[in-house]
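The values are calculated or read from the model by the stated rules, or taken from the named source; none is laboratory data. None of the values given here were measured: they were computed from a predicted structure. Here the Cβ positions follow ideal geometry from the backbone for every residue, glycine too, while neighbour counts run over all protein chains shown.
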Amino acid sequence: MKHLLISAAAILISTTAILPTQAMAQVSISVNIGTAPPPPRYEPVPSPRSGYIWVPGYWNWNGHAHVWSDGHWERARPGYIYEHSEWRQDNGQWHLNKGGWKPGKDKHHKKDHCPPGQAKKGNC
């Protein structure tokens with residue numbers, strides 16, 4: 001019984017140590033098909049929303065056909081840039097890069113407006 005308790009405790013501790021790093025991991029998804037996406041749809045861009053960026057819609061692939069994914073708001077992440085989803089053609093194949101947050105300079109976040117102490121933390 002004592003060994004079972006120790007094993008369960010070890011599993012619990014190792015799981016909680018791994019969870020924060022998994023939550024921070026960036027996932028990159030790419031789709032490759034032979035069918036070109038339809039022309040992009042026009043979406044009116046809503047008025048700016050403080051603390052958020054607008055991510056435009058794009059043609060996604062559901063495994064059988066192109067389906068439109070509507071644009072949406074994403075909460076801004078200081079120190080990151082949002083790479084928009086896009087299709088590219090290469091050697092007769094179409095490749096969808098679904099985009100997402102990538103580490104980098106946020107062009108909307110100015111250093112001269114950085115709150116005290118945030119620049120040292122890399123947030124500006």
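Every residue, every condition in (1) charged (D, E, K, R); (2) part of a strand (DSSP E or B); (3) touching a Cys at 6+ places or on another chain (Cβ under 9 Å), yes or no:
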residue	(1), (2), (3)
SER50	no, no, no
VAL67	no, yes, no
PRO78	no, no, yes
TYR82	no, yes, no
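Quick check: is even one residue across the range 80-87 at pLDDT 90 or above, under 21 Å from the mean Cα position of the chain (by Cα) and charged (D, E, K, R)?
Filtering the range 80-87 for residues at pLDDT 90 or above gives 80-87.
In the following step, the residues that additionally are under 21 Å from the mean Cα position of the chain (by Cα) were identified as 80-87.
If we keep only those that are charged (D, E, K, R) too, we end up with 83, 86.
Yes, the conditions are met somewhere in the range 80-87.
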